[in-house]
Amino acid sequence: MSKSSFEFYKKAPPDGGASSFVYPPSEANIRFFAEALQNGCVVGLPTETVYGLAALALDEQACHSIFSIKGRPLMDPLIVHVADLEMARSLAIVPEDGRILAEAFWPGPLTLVLKKRSIVPDLITAGKETVAIRMPRHPVAKKLLHQLNAPLAAPSANPFGYVSPTRPEHVTSAFGDKVPFVLDGGPCEVGLESTIVDLSKGKNPAILRPGAVTAEQISDHLRLPVQTKLLNLEETEAATAPGTMLRHYSPKTKMIAFELGSIPKTAKNEAIAFLQRPGTLNPSREQATFWFSEDGDMEIVARTLFDLLRKLDAKGFERIFCELPPANADGLVLAIRDRLSRAASIK
Ligand code: TXA
Ligand code: MG
């Protein structure tokens, strides 16, 4: 922690909130948060995907604090958030395909992996020649980025490996006074992390992490085939996105995923979570039966997924069984399957 951030953490945003560490996104508070960031602080930032743990991207010391607060290995690079395409161009070489995708999907849940410029600290990219960049569309994130007029590095605001945060209280419950400034942006609209597409390999774009923006949409805009390369760190040391480890987004409770329709038998003190409300409820198991949506709407499943996993984790069940959406899917459905499988995967 730098001297100026240490001093700044003693201050409080002008407009107080209903709970400690979470502050409403008033104009005065946005100015306060911008000043906190300029002084090297790490803050909780709402985005439309998940909450981020943000610091000035070009402030190495502040970015170092992100890694230590999260318990994140230094080999796992951070995503940089920008206010506009011009800011992205100051950090990376944006090829024509990058411009096309940025114009189509920014602001929004799409991260572009691009060749970096030397101004980007190696700490952010974990020594790679590429940097991951996105422009968020959450109005609070946009306001803060415009106020700052500087890029913000922000990974998801969860302890490394745990379930991602989609509400401000998820940030404070994990970090408490280690992250005393969290901007309240309400529950996240998308609820799953952005799609990551690697554009650093010329005409061979590849999806490294599925999200709300689909491979088909990207392929249509680029008029190119798009590969999906969901790598697992355990499988290859040369993994392109180290954070895409097989076991990730995991509750502490043991979790078991099952295919749609193949309902497992559960024992006492085991929970089962379906994608949609089951037609008939077993009366003896009612207390331990949950669902991510009423009618299987995948946008709602995505939005509620991490919150329900956290709630189930807190209930003290011995095991949690979770239904998976079909495997032959794209976009959000593939992303839901990806996150649930990773949460359930045992090494
Ligand atoms: O929606 C999101 O993307 C959220 C919000 C806060 O913007 N952020 C997020 O960050 O999910 P994080 O750090 O939890 O996940 C970033 C992923 C990691 O898997 C990391 O390995 C990968 O992006 N990544 C970062 N830089 C990369 C690079 N240069 N090449 C390949 N993968 C990269
Ligand atoms: Mg994350």
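Only one of E299, E323 is within 22 Å of the chain's Cα centre (by Cα) and within 26 Å of T111 (Cα to Cα). Can you tell me which?
The conditions single out E299.
Quick check: anything in region 279-293 under 30 Å from A206 (Cα atoms) and either surrounded by fewer than 13 Cβ atoms within 10 Å (Cβ to Cβ) or acidic (D, E) (or both)? Write out each step before concluding.
Kept after step one, since they are under 30 Å from A206 (Cα atoms), are these residues of region 279-293: 292.
Now drop any that are not either surrounded by fewer than 13 Cβ atoms within 10 Å (Cβ to Cβ) or acidic (D, E) (or both), which leaves none.
No, the conditions are met nowhere in region 279-293.
Considering only residues that are of a type in the set (A, V, I, L, M), within 16 Å of ligand 1 (Cβ to nearest atom), closer than 15 Å to K178 by Cα and assigned to a strand (DSSP E or B), which ones fall in region 14-62?
V43, L45, L53, A54, A55
Which of the residues that make up region 84-134 are within 14 Å of G202 (Cα to Cα), among the charged types (D, E, K, R) and free of Cβ contacts under 8 Å to residues at least 24 places away in the same chain?
Answer for region 84-134, where residues must be within 14 Å of G202 (Cα to Cα), among the charged types (D, E, K, R) and free of Cβ contacts under 8 Å to residues at least 24 places away in the same chain: E96, R99.
Please work out which residue is surrounded by the fewest Cβ atoms within 10 Å (Cβ to Cβ), limiting yourself to region 121-133 and to residues that are near ligand 1 (Cβ under 6 Å from one of its atoms) and outside any helix (DSSP H, G or I).
Filtering region 121-133 for residues near ligand 1 (Cβ under 6 Å from one of its atoms) gives 125, 128, 130-132.
Subset that is outside any helix (DSSP H, G or I): 128, 130-132.
Details: K128: 18, T130: 21, V131: 28, A132: 27.
Only one residue fits best here, namely K128.
Looking at region 5-24, which of its residues are of a type outside the set (A, V, I, L, M, F, W, C), touching a Phe, Trp or Tyr at 6+ places or on another chain (Cβ under 9 Å) and within 21 Å of A174 (Cα to Cα)? Quick ask: steps written out before the conclusion?
Here is the first cut: in region 5-24, the residues of a type outside the set (A, V, I, L, M, F, W, C) are 5, 7, 9-11, 13-17, 19-20, 23-24.
Next, from what is left, pick out any that are touching a Phe, Trp or Tyr at 6+ places or on another chain (Cβ under 9 Å): 9, 11, 13-17, 23.
Passing the criteria: Y9, P13, G16, G17, Y23.
Please pick out the residue among L222, L192 that is under 30 Å from K115 (Cβ atoms), in contact with a Lys or Arg (Cβ under 8 Å, 6 or more places away or on another chain) and in contact (Cβ under 8 Å) with a residue 24 or more places away in the chain. Don't jump to the end; show me each part of the working.
Details: L222 fails: in contact with a Lys or Arg (Cβ under 8 Å, 6 or more places away or on another chain).
Being under 30 Å from K115 (Cβ atoms), in contact with a Lys or Arg (Cβ under 8 Å, 6 or more places away or on another chain) and in contact (Cβ under 8 Å) with a residue 24 or more places away in the chain holds for just one of L222, L192, which is L192.
Out of curiosity, is A215 of a type outside the set (S, T, Y), within 21 Å of R342 (Cα to Cα) and away from ligand 1 (no atom under 12 Å from the Cβ)? Explain how you work it out, then say what you get.
Numbers: of a type outside the set (S, T, Y): yes; within 21 Å of R342 (Cα to Cα): yes; away from ligand 1 (no atom under 12 Å from the Cβ): yes.
Yes: the conditions hold for A215.
Look at F175 and say whether it is in a loop (DSSP other than H, G, I, E, B) and among the hydrophobic types (A, V, I, L, M, F, W, C). Full working, then the answer.
On the way: in a loop (DSSP other than H, G, I, E, B): no; among the hydrophobic types (A, V, I, L, M, F, W, C): yes.
Considered against the rule, which asks whether it is in a loop (DSSP other than H, G, I, E, B) and among the hydrophobic types (A, V, I, L, M, F, W, C), F175 comes out as no.
Among what's in region 48-96 and is among the β-branched types (V, I, T) and more than 18 Å from the chain's Cα centre (by Cα), pick the residue that is nearest to ligand 2 (Cβ to nearest atom). So that I can check it myself, show each step before the final result.
Looking only at region 48-96, we keep the residues that are among the β-branched types (V, I, T), and these are 49-50, 66, 69, 79-80, 82, 93-94.
After this cut, where a residue has to be more than 18 Å from the chain's Cα centre (by Cα) as well, the list is 93-94.
On the way: I93: 25, V94: 24 Å.
The residue in question is V94.
Looking at region 134-148, which of the residues that are more than 8 Å from ligand 1 (Cβ to nearest atom) and more than 18 Å from N29 (Cβ to Cβ) is surrounded by the most Cβ atoms within 10 Å (Cβ to Cβ)?
Within region 134-148, the first condition is being more than 8 Å from ligand 1 (Cβ to nearest atom), and the residues that meet it are 135, 137-148.
Subset that is more than 18 Å from N29 (Cβ to Cβ): 135, 137.
Numbers: M135: 22, R137: 17.
Per the criteria, the residue is M135.
Pick from region 150-203 the residues that are among the β-branched types (V, I, T) and within 16 Å of ligand 2 (Cβ to nearest atom): which of them is farthest from the chain's Cα centre (by Cα)? Give the steps one after another, and end with the answer.
Within region 150-203, the subset among the β-branched types (V, I, T) is 163, 166, 171-172, 179, 182, 190, 195-197.
Checking which are within 16 Å of ligand 2 (Cβ to nearest atom) leaves us with 163, 166, 171, 179, 190, 195-196.
Details: V163: 10, T166: 9, V171: 12, V179: 17, V190: 10, T195: 10, I196: 11 Å.
Within region 150-203, the match that is farthest from the chain's Cα centre (by Cα) is V179.
Consider F181 carefully, then state whether it is among the aromatic types (F, W, Y) and away from ligand 1 (no atom under 13 Å from the Cβ).
yes
Any read-out appearing in this document is the output of simple, stated calculations on the displayed coordinates, not a laboratory observation. Keep in mind that this is a model prediction, so the values were computed, not measured. Ideal geometry is used to build each Cβ from the backbone, glycine not excepted, and the neighbour counts take in all protein chains shown.
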